[in-house]
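In what follows, a single structure is set out as structure tokens and then discussed.
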Amino acid sequence: MLTAEFIAQTLRAHALRLTPSRRAVLEVLVAAPFALSGTEVEQQAPTSLDRATLFRTLRLLEQKHLIHRVVDYTETVRFAAAPALRAASPPLGPPTEHVHLKCLVCQHLYCLPHVPVPAVPEAGGYHVTRRDCLLSGICERCQPGSAAS
Ligand SMILES: [Zn+2]
Ligand SMILES: [Zn+2]
């Protein structure tokens, strides 16, 4: 669990004030072991958030690279905290692009922060601004014999 002071410092470093919604969204996403949809964040938030505020907060925190979206083959967009935030160190500097894994058993989307997105050949005349790499498989918890299962 992040301390209020750490969250306040992190927001200040990004020229953002500490508000109840920003604090709630960051707390929920940092504590979550996998990416959460806006609705899931809303359900887990300690204080009730109205949807407009929630989605505005998600967009703002995403712009500041404190959270990032994780996409799969469904229409649901999910969000995860920046890996540095999860490690309770201030996520300053450019975000690290990493691979995500979708577990075919529990259907959750996990960040693999230590697995960088592999290099791809030249994209021809296209200007690439974002690279998503999604693996499918079975997460640690869902593997047979896992202590957590
Ligand atoms: Zn799983
Ligand atoms: Zn991620």
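Among the chymotrypsin sites (Phe, Trp or Tyr not before Pro) in segment 45-131, those located in a DSSP loop and surrounded by at most 14 other Cβ atoms within 10 Å of their own Cβ are Tyr73, Tyr126.
So what is the relative contact order for the chain, in percent, with contacts set as C-alpha pairs under 8 Å and at least six apart?
Relative contact order, the chain: 18 percent.
Per-residue extension of 0.36 nm, minus the Cα-Cα distance of Val128 and Leu18, leaves a gain of 36.3 nm for this segment.
Positive contributions from Lys and Arg (+1) and negative ones from Asp and Glu (-1), summed over other residues with Cβ under 9 Å from the Cβ of Asp72, come out at +2. DSSP beta bridges confined to segment 4-137 are antiparallel in about 75 percent of cases. Treating each Cα of the chain as an identical point scatterer and summing with the Debye formula, the log10 of I(q)/I(0) at q = 0.09, 0.13, 0.21 Å⁻¹ comes to -0.30, -0.63, -1.38. Label sites at Gln63 and Ser37, each approximated as a point 7 angstrom past Cα along Cα to Cβ, lie 2.5 nm apart. Full extension of the chain segment joining Thr3 with Ala87 gains 29.0 nm, where the gain is 0.36 nm per residue of separation less the Cα-Cα distance. About its Cα centre, the chain has a charge dipole of approximately 380 debye under the convention of +1 per Lys or Arg Cβ and -1 per Asp or Glu Cβ, with nothing else charged. A cut-off under 15 angstrom between Cβ atoms defines the neighbours of Pro116, and their net charge, with Lys, Arg +1 and Asp, Glu -1, is 0. Assuming R0 = 25 Å, what is the FRET efficiency of Tyr73 and Ala52, from their Cβ-Cβ distance, to the nearest 0.05? Calculated transfer efficiency: 0.35.
Could you rank the peptides 57-69, 97-109 by their average count of other C-beta atoms within 10 Å per residue, with the highest value first?
Those peptides, ordered most packed to least, come out 57-69, 97-109.
When the chain is treated as a GNM with alpha-carbon contacts under 10 Å, the residue of Ala80, Ala32, Ala119 showing the greatest mean-square fluctuation is Ala119.
Computed from the coordinates by the stated procedures, all read-outs in this text should not be read as laboratory data. Since the structure is predicted, the reported quantities are computational estimates derived from the model, not experimental observations. Glycine also receives a Cβ, built like all others from the backbone with ideal geometry; neighbour counts cover every protein chain displayed.
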